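Here is the structure we will look at.
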Amino acid sequence: MSDLIRWQDNGYGGLIGSVGTVEPWLFQIWTPDRDGDDWILSSALTGQNRSVYGDSAEALKPEAEAMLREYAAALGAEFADGPS
């Protein structure tokens, strides 16, 4: 996986993910609530207001990157396969 998204602790046990020079976070990974076992990834990308569930934060990071790549591709951007 590349480093397209910068992850940091959100202060509640989950993570927030930022991209490039965009100030607000674009992704958030929430810890499981008391009644569930699933971690939740949410996206703030325009047109991608959806949630994805997974077993861990690490399992959801590639999902966030896939969302970002899909979004950027819709705008005409291309990414190299790995870090330069």
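Tabulated data
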{"read-out": "Count of region 48-76 residues which are under 16 Å from ASP3 (Cβ atoms), of a type in the set (A, V, I, L, M, F, W, C) and surrounded by fewer than 15 Cβ atoms within 10 Å (Cβ to Cβ)", "value": "1"}
{"read-out": "Single residue of region 1-38 satisfying the filter (of a type in the set (Phe, Trp, Tyr) and in a loop (DSSP other than H, G, I, E, B)) that is surrounded by the most Cβ atoms within 10 Å (Cβ to Cβ)", "value": "TRP25"}
{"read-out": "Single residue of region 24-54 satisfying the filter (in contact with an Asp or Glu (Cβ under 8 Å, 6 or more places away or on another chain) and farther than 14 Å from GLY14 by Cβ) that is modelled with the highest pLDDT", "value": "ASP37"}
{"read-out": "Matching entry among LEU41, LEU45 (being surrounded by 11 or more Cβ atoms within 10 Å (Cβ to Cβ) and in a strand (DSSP E or B))", "value": "LEU41"}
{"read-out": "Neighbours by Cβ (under 6 Å, 6+ apart or cross-chain): first from region 28-45, touching a residue at least 40 places away in the same chain (Cβ under 8 Å); second of a type in the set (Lys, Arg)", "value": "none"}
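The values are calculated or read from the model by the stated rules, or taken from the named source; none is laboratory data. Since this is a predicted model, take the numbers as computed values, not measurements. As a convention, Cβ positions derive from the backbone with ideal geometry for all residues, glycine included, and neighbour counts pool all protein chains shown.
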